[in-house]
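S.K.: The structure's right below; bear with me while I get my questions together.
The values are calculated or read from the model by the stated rules, or taken from the named source; none is laboratory data. Bear in mind the structure is a predicted one, so any value in this text is a computation, not a measurement. All Cβ positions, glycine included, derive from the backbone under ideal geometry; neighbour counts span all protein chains shown. Side chains are part of the model used for accessible areas, which takes the heavy atoms of the whole protein and leaves out ligands, DNA and RNA. Shrake-Rupley method; radii C 1.70, N 1.55, O 1.52, S 1.80 Å.
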Amino acid sequence: MIGREWWLHVALLCVPLLAVYLHIPQPQLSPALHTWRSSGRFFSFRGNNIFYKDSFGAVGSSDVVVLLHGFPTSGYDWHKVWEPLNQRFNRVIALDFLGFGFSDKPRPHQYSIFEQASAVEALITHLGLADQKVNLLSHDYGDTVALELLYRSDHNRTGHLAINSLCLSNGGIFPETHYPRLMQKVSPDFLFICFLGPLCLIVSLTSRIGDVFGPYTQPTEAEYWDMWTGVRFNDGNLVMDSILQYINQRLKHRDRWVGALTSTSTPLHMIYGPLDPVNPHPQFIHLYQKLVRRSTVSILDEHISHYPQLEDPTGFMNAYLNFINSF
């Protein structure tokens, strides 16, 4: 009887909490996020709307850079390096992958790296850039999307991107050196807790997201809130389970994606924050340098962690521009 009563209390508690989880209104956009969204557009991909931002920058240059963001955030991850990129490139393009940020978040849906790569190809075609070589700059989840694009390009697949260069940053491209955080393993529990209130949201998000930032480069409360808003927008919390299948996809298709990295003749670079607990130093970078002989590497300050473009935008840009101007 005691066991039954205990489970009954748990069930009765879960019902109202589940109602809160499913029906609490999404956060309002901050002024910064509102400005970002207002400056972007949408295009249709397989019946879903994909958000993207496309800006023209450097005069006299025809170079294009396409930015691929990580999990669980969005293209807004690049906002601190957007203007410096605009000063170097004629065109800077970023999208929110399907299921992320301001893009549609269909459910039920089988999210995959392959579909996200196809969305990038569709965007480039939509923008009239199918015949132009583009530079890919990626982070985390976006690294794996970039490797699928690289594979398609090197194998001359129909509709593939013409890739001029690829720069990766802090992504779990090697399953054997990838250590997912709690949020990536028990995302539903984390998100469930976050819905209990603003205070619980900040505490939970700080403890989960904060541990992938360096001790001296922690996001502000407003930045945490913007990250959460991007996740929560269009009920994105309800598709996290499906999106998280990308971890299994990395393992299943390791030979395809790591093989593309090790065999390509495309100029490669890795920008790495060495305090990253997800892809820890020195195991990750040693394996990368062992397997990817033709790539150059920039290791940032020892206090920089998993989000180098947000934690050290100046160091990140210096490393990237040194690479992009070297060929």
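Residues are listed down the side, and each one gets a yes or a no for (1) closer than 20 Å to L147 by Cβ; (2) in contact with a Leu (Cβ under 9 Å, 6 or more places away or on another chain); (3) in contact (Cβ under 8 Å) with a residue 40 or more places away in the chain:
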position: F51; (1), (2), (3): no, yes, yes
position: G57; (1), (2), (3): no, yes, no
position: L67; (1), (2), (3): yes, yes, yes
position: D77; (1), (2), (3): yes, yes, yes
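S.K.: May I pose another question? Among the listed residues L8, L29, identify the single one that is modelled with pLDDT under 95 and more than 30 Å from A319 (Cα to Cα).
M.R.: Step by step, each of L8, L29 is checked, and only L8 is modelled with pLDDT under 95 and more than 30 Å from A319 (Cα to Cα).
S.K.: Inside the range 296-327, can you point out the residues that are over 21 Å from the mean Cα position of the chain (by Cα), within 22 Å of R88 (Cα to Cα), touching a residue at least 24 places away in the same chain (Cβ under 8 Å) and part of a loop (DSSP other than H, G, I, E, B)?
M.R.: Correct list: S326, F327.
S.K.: Return a yes/no flag: does the range 87-110 have any residue that is on the phi < 0 side of the Ramachandran plot, free of Cβ contacts under 8 Å to residues at least 24 places away in the same chain and either part of a helix (DSSP H, G or I) or open to solvent by less than 10 Å² (accessible area, probe 1.4 Å) (or both).
M.R.: The answer is no; no qualifying residue exists.
S.K.: Please enumerate the residues belonging to the range 217-236 that are assigned to a loop (DSSP other than H, G, I, E, B) and over 17 Å from the mean Cα position of the chain (by Cα).
M.R.: So the first thing to find is which residues in the range 217-236 are assigned to a loop (DSSP other than H, G, I, E, B), and the list is 217-220.
Matches in the range 217-236: T217, Q218, T220.
S.K.: List pairs: first in the range 217-236 and of a type in the set (K, R), second assigned to a helix (DSSP H, G or I) and crowded, with 16+ Cβ neighbours inside 10 Å, Cβ under 9 Å, 6+ apart or cross-chain?
M.R.: From the range 217-236, the pairs are R232/L191; R232/C194.
S.K.: Just to verify a result, which residue in the range 111-141, among those that are more than 18 Å from the chain's Cα centre (by Cα) and not aliphatic (A, V, I, L, M), is nearest to Y151 (Cα to Cα)?
M.R.: It comes out as K133.
S.K.: Mind checking which residues of the range 267-294 are open to solvent by 20 Å² or more (accessible area, probe 1.4 Å), part of a loop (DSSP other than H, G, I, E, B) and closer than 23 Å to S326 by Cα?
M.R.: Once the filter is applied, which keeps residues that are open to solvent by 20 Å² or more (accessible area, probe 1.4 Å), part of a loop (DSSP other than H, G, I, E, B) and closer than 23 Å to S326 by Cα, the range 267-294 yields P267, R293, R294.
S.K.: Take the residues in the range 251-266 that are small (G, A, S) and either open to solvent by less than 60 Å² (accessible area, probe 1.4 Å) or not in a helix (DSSP H, G or I) (or both), then tell me which one is nearest to V145 (Cα to Cα).
M.R.: Among residues in the range 251-266 that are small (G, A, S) and either open to solvent by less than 60 Å² (accessible area, probe 1.4 Å) or not in a helix (DSSP H, G or I) (or both), the one nearest to V145 (Cα to Cα) is A260.
S.K.: Is it true that L244 is under 24 Å from Q110 (Cβ atoms), open to solvent by 10 Å² or more (accessible area, probe 1.4 Å), under 15 Å from the mean Cα position of the chain (by Cα) and modelled with pLDDT of 95 or more?
M.R.: yes
S.K.: Evaluate the range 195-214: report whether one residue or more is part of a loop (DSSP other than H, G, I, E, B) and modelled with pLDDT of 60 or more.
M.R.: Among the residues of the range 195-214, at least one is part of a loop (DSSP other than H, G, I, E, B) and modelled with pLDDT of 60 or more, which makes the answer yes.
S.K.: Among the listed residues S38, S44, identify the single one that is surrounded by fewer than 17 Cβ atoms within 10 Å (Cβ to Cβ), out of contact with any Phe, Trp or Tyr (no Cβ under 7 Å at 6 or more places or on another chain), over 19 Å from G128 (Cα atoms) and of a type in the set (S, T, Y).
M.R.: S38
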